[in-house]
1. In degrees between 0 and 90, to the nearest 10, how far off the longest principal axis of the chain does helix 303-313 point, with axes built from Cα atoms?
2. Can you tally the net charge around ALA201? Count Lys and Arg as +1, Asp and Glu as -1, for every other residue whose Cβ sits under 11 Å from the Cβ of ALA201.
3. Just to confirm a number: summing +1 for Lys and Arg and -1 for Asp and Glu over residues other than GLU62 whose beta-carbon lies under 14 angstrom from that of GLU62, what do you get?
4. Could you calculate the contour length gain from SER248 to HIS160, that is, 0.36 nm times the residue separation minus the distance between their Cα atoms, to one decimal place in nm?
5. Excluding same-chain pairs closer than 8 in sequence, count the lysine pairs in the stretch 1-151 whose Cα atoms lie under 24 Å apart.
6. Cβ under 13 Å from VAL284's Cβ, VAL284 left aside: what net charge do those residues give with Lys, Arg +1 and Asp, Glu -1?
7. Let me cross-check ARG257: its accessible surface, 1.4 Å probe, with only protein heavy atoms counted, in Å² to the nearest 10?
8. If you fit an axis through the alpha-carbon atoms of helix 286-296 and take the longest principal axis of the Cα set of the chain, what angle between them do you get, 0 to 90°, nearest 10?
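The values are calculated or read from the model by the stated rules, or taken from the named source; none is laboratory data. Values in this document were obtained by computation on a predicted structure and should not be read as measured data. Don't worry about glycine lacking a Cβ; one is built from the backbone with ideal geometry, like all the others, and counts go over all protein chains shown. Keep in mind that these areas ignore ligands, DNA and RNA; they rest on the heavy atoms of the full protein, side chains included. Shrake-Rupley method; radii C 1.70, N 1.55, O 1.52, S 1.80 Å.
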Amino acid sequence: LWDPARNDWKRLDAREYMEPDRPKAFHFDMDDIWNGLRANGTVFCEGLLADWKTWKDRKGEEYGLLCEVLRSLSPHQQDLLAPGELTRLSVADVRDIPTLTSSYGTVPVTLASAAVKRILALAYLITWAHTEHLRACTLIGDTPSDRFTVLIDEVELHLHPQWQRVLLPAVLKVIQTLGHKGAIQDGGVFPNIQVIASTHAPLVMASVEAAFSPEIDKLFHLRLEGKDVIVEDIPWCAQGDVVGWLVSEIFGLQQARSKEAERAIEAAEAFMRGDTASLPEALVTREAIHQELLRVVPGHDPFWPRWVIKTEQR
């Protein structure tokens, strides 16, 4: 995490915050996010567990903002990420642990699933970065930044498809609604927002179709060529659904099926065209192809009517 008010080494006139005290950036691992970031006796971040309790106890704007961010990043409206009461996990651990309430009960955040922990970490860092930036600007007498950039690698990691479908639009909405005095323009949004995200999930691509603007947004495809990674600037074209994205040039599948079903249907297509030269050795007759289709293609598949009608005509 990099903050121009706290990590910019060129600005050495900051009040009692000179070059030796300024990290070039805040490098968090997951333990740092939860338990705090410290170095050489300096506390850079208290961590999610401590800040959650502090923000809740003093009923400050940070806690309200955290609740709003969690609500916005929830997988769906029927199961919102809502903070519950603090709890103790054991007689040996004196910490008050934050909890989340859900349709199936109250869960301490330290015992939440990998998906929930990932979203909690993201929600906390967005809230912490924003509020601490404002405090730092107050201390050094500077104007808060009007820029907010978020980089997310592997958006879909640990996430259920319901969550994959809403996360990126939710992140954009969260940042747009943060805003702050001195940088709010045109209805209280950051004028300059950028989200850079990578994904292997077609559902994540489908999720941004409504929000994608070709005038200001870009789609890049990374492919391996020998030992080199080639970055391709791909013209934006909405594909409509997950299947459309799977068979697009972005993901490059011939069909959105199992390899066995794709092989059988490709053989059936060749057979119907009369292209017997391209048939696999084990699928050279109508009966062999039909038996393989029965094995790997479900009965409700839309391919069946065409195959049955075409082969009966033949």
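1. With both axes taken from Cα atoms, the answer is about 10 degrees.
2. -1
3. Residues close to GLU62 contribute a combined charge of -1.
4. My answer for the length gained is 29.4 nm.
5. Going through the stretch 1-151 pair by pair, I get 4.
6. After counting each charged neighbour, the total is -3.
7. Using a 1.4 Å probe on the heavy atoms, I get roughly 80 Å².
8. 20
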